[in-house]
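The structure appears right after this line, and notes come after that.
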Amino acid sequence: MRKFDLNIEKVLEDWDVSDALREIIANAIDEELLTNTKTMKVFRDSTGWHFRDFGRGLEYKHLTQKENLEKLNRRDVVIGKFGVGLKDALATLDRHKIKVSIISRHGDISLGKAPKQEFKDIVTLHALISSPSDPCFVGTDFVLRGVNAKQIESAKNFFLRFSGETLLETTKYGQVLKRPKRAARIYINGVRVAEEDDFLFSYNITSLTKPMEKALNRERTHVGRAAYTQRVKDILMECRHSSVAEIVAKDLRNFESGKLHDELKWLDVAVHACKLLNATGSYLFVTPSELRMAPMLVDQAEGDGITVVTIPETVRQKLRGLKDLLGLPIRDLSEYIQEWNQSFDFNFVKPEDLNKNERRIYDKTKNVLDLIGGRPADVKKILISETMRLEGFEEAVGVWERNEQRIVIKRSQLRSLRDYAGTLLHEAAHATSRASDLSRAFEDELTGSLGTIASKSIG
């Protein structure tokens, strides 16, 4: 038996058994990923708890403290990069009187205390190296006696692969995971480094930034939000799938109640979320003030099967003129009005289908037009419709259609002669002036019509 000095007297007093087990699991997962071998296993039998990988096998030289160049070159895959983790784990297990046996084709390893060579007064932890009990053994098997199931579960709880979390989408920066009932989790290459009570999703970051690399301490726990915020944003900005969009849509509806999750309080993420939603479903984006100003439009949209999503005014301003991820216009109220008008059809009502009061008012059409000298030459028809095109946030009450040479008036205007006559004369002025609202030509024509009516009335 040979003795390999680990140069450890006492280390990491605040580490417990689960922390040490975490390091053993992390090393086994790294070996699995680096060698593309079978999935590592954690199981129990009569000899103890086993942490088994199927890689190249642990050697005593792996117990030295140095940077692992192989792991440094595969930062996108592996968890660890310094040899210090395993040594700390072994020291912690020894301190807690856990019996350790390591089996590989390179040799069997156990732990023991021995004086340092040439310094007999200093006793340190040593790895005791024996000839391999199975020279054909595949991988490495850590066999531990003295640990319990609770400690095992606590260690496994650090790792995404044992968490049971649902993957929603994978991007070049990492993965979006469905948040469990507990707090959201932040993983880095599959290892939990933080928890977030107010995040909408959990995340597994696989592409590290410089601040993140600096922030990863030896324990890889309690990493501050500042270190990973940018990567969480990057992940969300890369999302394209409806599985993420649907959860985002549901959360955006919490804006007015003030219960919006933290990711959607980031302006660039909220704008991207709207672009994503627009591309993956039928949504209408409105601000709280628009909801109050245009309740009829909102109700109509919901009746059309469109999901209404309330957004802050700051997001609304950013969305103006933008297109979604498919290159389509983002549907705000202005876009919805255009869609409505492009697909609009009049629902005309025949005079004989009007009720008694409506017909009495409609029959005075000639009398009203006589007040301005009769029906304009370009007006061939005057029709009544249940539905009208949208002007602003509401349906128009009347319209002059030059190409059709007709005036169409909304049926609701037949409630009173005053409403009907006013709308009819307004549209007649459009027909005569051939001009639109707010134009000088229309204003002059309308003024002239009022003067004509006044002159006839006064005599």
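The values are calculated or read from the model by the stated rules, or taken from the named source; none is laboratory data. It should be emphasised that the depicted structure is a prediction, and the values quoted were computed from it without experimental measurement. For neighbour counting, all protein chains shown are included, and Cβ atoms are generated from backbone atoms with ideal geometry for every residue, glycine included.
Listed values, structure above:
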| read-out | value |
| --- | --- |
| Hey, ALA273 under 15 Å from TYR203 (Cα atoms) and not in a loop (DSSP other than H, G, I, E, B) or not | no |
| Answer from ASN189, ASN157 - the residue that is farther than 20 Å from ALA245 by Cα, modelled with pLDDT under 90 and not aliphatic (A, V, I, L, M) | ASN189 |
| Identity of the residue in the stretch 411-436, in contact (Cβ under 8 Å) with a residue 12 or more places away in the chain and polar (S, T, N, Q), that ends up nearest to ALA377 (Cα to Cα) | THR432 |
| The stretch 255-301 - residue that is farther than 22 Å from ASP324 by Cβ and without any contact (Cβ under 8 Å) to a residue 12 or more places away in the chain and, of those, surrounded by the fewest Cβ atoms within 10 Å (Cβ to Cβ) | GLY258 |
| Residue satisfying condition, being under 19 Å from ASP370 (Cα atoms), over 47 Å from the mean Cα position of the chain (by Cα) and of a type in the set (A, V, I, L, M), within set ALA421, ALA435, ALA441 | ALA421 |
| Residue, surrounded by the fewest Cβ atoms within 10 Å (Cβ to Cβ), within the stretch 77-101, restricted to residues that are modelled with pLDDT under 55 and outside any helix (DSSP H, G or I) | PHE82 |
| Failed item, numbered, when VAL399 is tested on (1) in a helix (DSSP H, G or I); (2) closer than 25 Å to GLN342 by Cα | (1) |
| Residue count for the stretch 380-412, restricted to those that are within 21 Å of SER334 (Cβ to Cβ) and among the β-branched types (Val, Ile, Thr) | 3 |
| Every residue from the stretch 404-459 that is surrounded by 15 or more Cβ atoms within 10 Å (Cβ to Cβ) and part of a loop (DSSP other than H, G, I, E, B) | ALA435 |
| Looking only at the stretch 197-214, and only at residues there that are surrounded by 20 or more Cβ atoms within 10 Å (Cβ to Cβ) and within 26 Å of ILE24 (Cα to Cα), the one that is farthest from the chain's Cα centre (by Cα) | LEU208 |
